[in-house]
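**Student:** Before we start, here is the structure in question, set down as structure tokens.
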Amino acid sequence: MFLEVEEIMQSFRTEIENPIVEKDIIELEAKIRQFKEGKLDEEKFRSLRLARGVYGQRQEGVQMIRIKLPYGKVTSQQLHRICNVSDEYSRGRLHITTRQDIQIHYVALDRTPELWAELEKDDVTLREACGNTVRNITASETAGIDVDEPFDVSPYAHALFQYFLRNPISQEMGRKFKVSFSASDADTGLSYMHDLGFIAKIQDGVRGFKVMLGGGLGSQPRHADELYSFLAADKIIPLMDGVIRVFDRYGERKSRAKARMKFLIKDVGLDGFVSLLEEEQKAVPFKTYPIDAAAYPKVEVAKTSIPPVDIQDQTAFEKWKSTNLVPQKQAGYVAIGIKVKLGDFYTDKARLLADLVQHYAAGELRLSLRQNILIPYVKEELVPFFYNALEMLGFAEAGYNKAIDITACPGTDTCNLGISSSTGIADELERVIAAEYPQYIANKDVVIKISGCMNACGQHNMAHIGFQGMSIRTKDKLVAPALQVLLGGGNTGNGKGRFADKVIKIPSKRGPEALRLILNDFDANGKGTSFTEYYLKQGEPYFYDFLKPLASIDNLTQEDFIDWGNTERYEKAIGIGECAGVVIDLIATLLFESEEKIQNAQAAFNNENWTASIYHAYAAMVNSAKALLTAEKTKVNTHHSIIKDFDSHFIDTARISLNTDFKSLVLQIKANEPTANFAEKYIADAKGFLEKVETFRKLDLAHV
């Protein structure tokens, strides 16, 4: 049962000090109630809850909750809070994603507002963890301790997170927008596959970044373009502000398959995009935005004596040290990598881990892009003690960030889009490596990644060896789970990388044999070279030929029709994807949204936030135009096309009179700086335009 809104507000107010957060949570509760009562369109509700980290999962009636942890940093206190929430509202399992988030599954929709409120008590948010927003800003997990970094990128990643959270320019884009920071030229943040990627540089004593633009994975991976070889740090927020504005106006909105930044860059070209970016500069509120890195919280390492230690298995300890210790630039310290199998761990162990780092390290953990955990600031003399403690928790498996450390998305376990099991095959491949290829437990030069579908949440198409979940159909029309084998991808550093080639599709149960054939051949013919060099030297046809026997479907057994980790016969079942589905709304809903946007514009104006008020007013006008064009069955793929088509359908034909054209009215946003006077006038323009649209709509309906 739902509590009344006022009761919930009162209970939240006692714990949440931030009124903006409080308003957000209350709004989610109200929208859930409206949806349950049939007063809110399902597609619109989906858009709203996704932007608040509430994501439908494969199992009916429950939600996946994505917790947004900027650049993967989580304190001991925050981890305790996350554990408490997972135990209370879910099943005590935590899942680390390839974007340094934590997900919990099987949460009842009705309980998500109070879950969010609990998390916010320790400054943990769900806001914009999903949906058509700026997603979690990721970074090298070694940021701040990296021996090769010119400076710590953490303060800069945090500043971007704060600037764009709830920023009106990035709330309802055509698709999601992903940003990364790399600590050094090794590019461990993988800038080349992000919408915006920043690689730390120093030029003439000035901190800044190499900037990469328009990368992405998915079914059509694209290597990012170099936008700047160096951009001073105080320019990165103004740059991203402009980039988001261009993407919001010109990015595709109807066809989900073409709605990412990479497709916009492909359509207009890099030079064309830069021209559009220049047109937005008057609207960008800051020409420079200094980031005070010195104000970033200082690390405080626990002062403690060294407990007595007795290592039972010295060989295992030495092996673990050789694979799981990460050098740290601070003298006397190392970081410890924890290999988290498939990114899954449980609250009982997580609490003990939080206590361990609180009492013996710096009270923080970093979640990695490979679904692992890094403990920074471990005193070198405490390494044996940590090994024993981690071993008791089941966290001392050797092979951190090595070949045996396979990345996999949840696949068909919980995701609507999963085609075949990624976790099941990953588990089996790790078993094969441990049992048959022990030399690969310490091999850091072979990266294996698995995704349950083409969307590449497991990042399979940038791996040396990748597997993508698929299905195959026999001549008798029987369906079996399958894997696309991809080879030859990899990160080469400083914004450069290579996407893997699709080599062959095989039944899933033959995945382990495919791995054996590949590793055996690499051992025989790849001596002294990297895996990517070996792959390029041999060529794609070479691998196709020796893997081809595995592709035959004429000799499938009953076992081939049962996916990894399952006992029942495979059935291909794909639900509605919610990664950032584009929403097509009813006209009445669109006009109601326009009213809400104008209210938001006025509220921002009253708070003297001119930039936000202007963008809310802009969104209201475009949304109102979209409503009438939708009624006319006209495509509304981009803001740019909406503006152009509204003129041709309504202004040029004199069906609506504005005393100007719509383009000139709405694009005042580009021609004026964000001042109080302009904001006041622009809001009035938005109100006047909505009134004309609503009048036209009423008259139009009266004649139907």
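The values are calculated or read from the model by the stated rules, or taken from the named source; none is laboratory data. Computed from a predicted model, the values in this text were never measured in an experiment. Every residue, glycine among them, receives a Cβ derived from its backbone with ideal geometry; neighbour counts consider all protein chains shown. To get the accessible areas, we keep the full protein, side chains included, count just its heavy atoms, and leave off ligands, DNA and RNA. Shrake-Rupley method; radii C 1.70, N 1.55, O 1.52, S 1.80 Å.
**Student:** What is the Rg over Rh value, at two decimals, for region 241-383, using alpha-carbon atoms and the Kirkwood definition of Rh?
**Tutor:** 1.18
**Student:** Go through region 288-298 residue by residue and turn each phi into a ³J(HN,Hα) via Karplus (6.51, -1.76, 1.60, θ = phi - 60°); whole Hz please, and just put x for glycine and proline.
**Tutor:** Residue by residue, region 288-298 yields 9, 9, x, 10, 7, 5, 5, 7, 5, x, 6 Hz.
**Student:** Here's something else I'd like to know. Expressed as a fraction of 2.2 N^0.38 Å, the rule-of-thumb size for a compact globular protein of N residues, what is the C-alpha radius of gyration of region 219-272?
**Tutor:** Ratio of Rg to 2.2 N^0.38 Å for region 219-272: 1.24.
**Student:** Another question, if that's okay. For the chain, restrict the atom set to alpha-carbon positions and state the Rg and Dmax in Å.
**Tutor:** 26.2, 87
**Student:** Taking +1 at the Cβ of each Lys and Arg and -1 at the Cβ of each Asp and Glu, which of A129, P150, Q668 sits farthest along the dipole of the chain towards its positive end, judged by Cα position relative to the Cα centre?
**Tutor:** Q668
**Student:** Compare the Cα positions of F561, I642, N623 along the charge dipole of region 507-665 (+1 at Cβ of Lys, Arg; -1 at Cβ of Asp, Glu; about the Cα centre) and return the one farthest towards the positive end.
**Tutor:** I642
**Student:** So how strong a dipole does region 56-105 carry about its Cα centre when Lys and Arg Cβ are +1 and Asp and Glu Cβ are -1, to the nearest 20 debye?
**Tutor:** In total the dipole reaches around 180 debye.
**Student:** With all protein chains present, how much of the accessible area of region 304-417 (probe radius 1.4 Å) comes from carbon and sulfur, to the nearest whole percent?
**Tutor:** 53 percent
**Student:** If you don't mind, another one. Given a Förster radius of 51 Å and the C-beta distance between E60 and S305 as r, what FRET efficiency does 1/(1 + (r/R0)^6) yield to the nearest 0.05?
**Tutor:** After rounding to 0.05, the efficiency reads 0.45.
**Student:** Now, a different point. Sorted from largest to smallest, which semi-axis lengths in Å does the alpha carbon gyration tensor of region 325-382 give for its equivalent ellipsoid, taking the root of 5 times each eigenvalue?
**Tutor:** 20, 14, 8
**Student:** Sorted by average packing, counted as other Cβ atoms within 10 angstrom per residue and highest first, what order do 333-341, 384-392, 682-690 take?
**Tutor:** Highest mean packing first, the order is 333-341, 682-690, 384-392.
**Student:** Report, in debye and to the nearest 20, how large the dipole of region 72-177 comes out about its Cα centre when Lys and Arg carry +1 and Asp and Glu carry -1 on their Cβ. The partial results should precede the final answer.
**Tutor:** Details: 12 positive and 16 negative charges, 81 e Å.
That gives a dipole near 400 debye.
**Student:** From the backbone phi of region 447-461, what are the Karplus-calculated ³J(HN,Hα) couplings (6.51 cos²θ - 1.76 cosθ + 1.60, θ = phi - 60°) in whole Hz, Gly and Pro given as x?
**Tutor:** Once θ is set to phi - 60°, the couplings for region 447-461 become 10, 10, 9, 9, 10, x, 7, 6, 6, 6, 5, x, 6, 5, 8 Hz.
**Student:** Shifting gears a bit: For region 345-433, what ratio Rg/Rh do Cα atoms give with a Kirkwood hydrodynamic radius?
**Tutor:** 1.03
**Student:** Order the peptides 553-559, 176-182 from the highest to the lowest mean number of other Cβ atoms within 10 Å of their residues.
**Tutor:** Put in order of decreasing packing, that is 176-182, 553-559.
**Student:** When N is the residue count of region 489-641, what does its C-alpha Rg come to as a fraction of 2.2 N^0.38 Å?
**Tutor:** Here the Cα radius of gyration is 1.81 times the empirical estimate.
**Student:** Also, I was wondering about something else. Taking the Cα centre of the chain as origin, sum charge times position over the Cβ atoms of Lys and Arg (+1) and Asp and Glu (-1), and report the length of that vector in debye to the nearest 20.
**Tutor:** Dipole of the chain, to the nearest 20 debye: 1440 debye.
**Student:** Hey, if you put +1 on the Cβ of every Lys and Arg and -1 on every Asp and Glu Cβ in the chain, which of F286, N388, F592 ends up farthest toward the positive end of that dipole?
**Tutor:** Looking along the dipole axis, the top candidate is F592.
**Student:** Measuring with a 1.4 Å probe in the full set of protein chains, what accessible area per residue, in whole Å², belongs to the chain?
**Tutor:** 40 Å²
**Student:** Right, next: If packing is taken as the average number of other Cβ atoms within 10 Å across a peptide's residues, how do 533-546, 91-104 rank, most packed first? Display every interim value, and only then the final one.
**Tutor:** Details: 533-546: 15.1, 91-104: 21.1.
Final packing ranking: 91-104, 533-546.
**Student:** Using 0.36 nm per residue of separation minus the Cα-Cα distance, give me the extension gain between D545 and E43 in nm, one decimal.
**Tutor:** Values: separation 502, 0.36 × 502 = 180.72 nm, distance 4.66 nm.
Fully extending the segment from D545 to E43 adds 176.1 nm.
**Student:** Taking H placed 1.01 Å from N in the peptide plane, check which residues at least 5 places from Y346 or on another chain put their amide H under 5 Å from its amide H.
**Tutor:** Answer set, sorted by chain and number: L94.
**Student:** Kindly state, to the nearest 0.05, the FRET efficiency for A671 paired with Q77, given R0 = 45 Å and r defined as their beta-carbon distance.
**Tutor:** Numbers: r = 48 Å, r/R0 = 1.06.
Computed FRET efficiency for A671 and Q77 comes out at 0.40.
**Student:** Rounded, prolate or oblate, given the Cα gyration tensor of region 638-699, with a/c below 1.5 counting as rounded? Write out the running numbers ahead of the final one.
**Tutor:** Numbers: a/c = 2.34, a/b = 1.47, b/c = 1.59.
It is oblate, given that a/c is not under 1.5 and a/b is not larger than b/c.
**Student:** Rounded, prolate or oblate: which fits region 332-490 when a ≥ b ≥ c are the square roots of the eigenvalues of the alpha-carbon gyration tensor, with rounded for a/c under 1.5 and prolate only if a/b beats b/c?
**Tutor:** It comes out prolate by the Cα gyration axes.
**Student:** So what is the 222 nm mean residue ellipticity for the chain from helices alone, if each DSSP H run of at least 4 adds -39500 (n - 2.57) and you divide by all residues, rounding to the nearest 500 deg cm²/dmol?
**Tutor:** The helix contribution divided over the chain gives -12000 deg cm²/dmol.
**Student:** Amide H to amide H, which residues 5 or more places from G251 or on other chains are under 5 Å from it, using H placed in the peptide plane?
**Tutor:** Sorted by chain and number, the residues that satisfy this are H639.
**Student:** Net charge within 10 Å of T75 by Cβ-Cβ distance, Lys/Arg positive one each and Asp/Glu negative one each, not counting T75 itself?
**Tutor:** Charge balance in the 10 Å sphere: -1.
**Student:** Quick check: pseudo-label points 7 Å beyond the Cα along Cα→Cβ at S229 and N566, how many nm apart are they?
**Tutor:** Here the answer is 5.2 nm between the modelled labels.
**Student:** Distances longer than 19 Å among the Cα atoms of region 59-174: what percent of all pairs is that?
**Tutor:** 50 percent
**Student:** Expressed as a whole percentage, what fraction of the accessible surface of region 148-240 belongs to carbon and sulfur atoms when a 1.4 Å probe is rolled over the protein heavy atoms?
**Tutor:** The C+S portion of the solvent-accessible surface of region 148-240 is 43 percent.
**Student:** Check which residues have an amide H placed less than 5 Å from A408's amide H, if you skip close sequence neighbours.
**Tutor:** Here the answer is I450, since their amide H atoms fall under 5 Å of that of A408.
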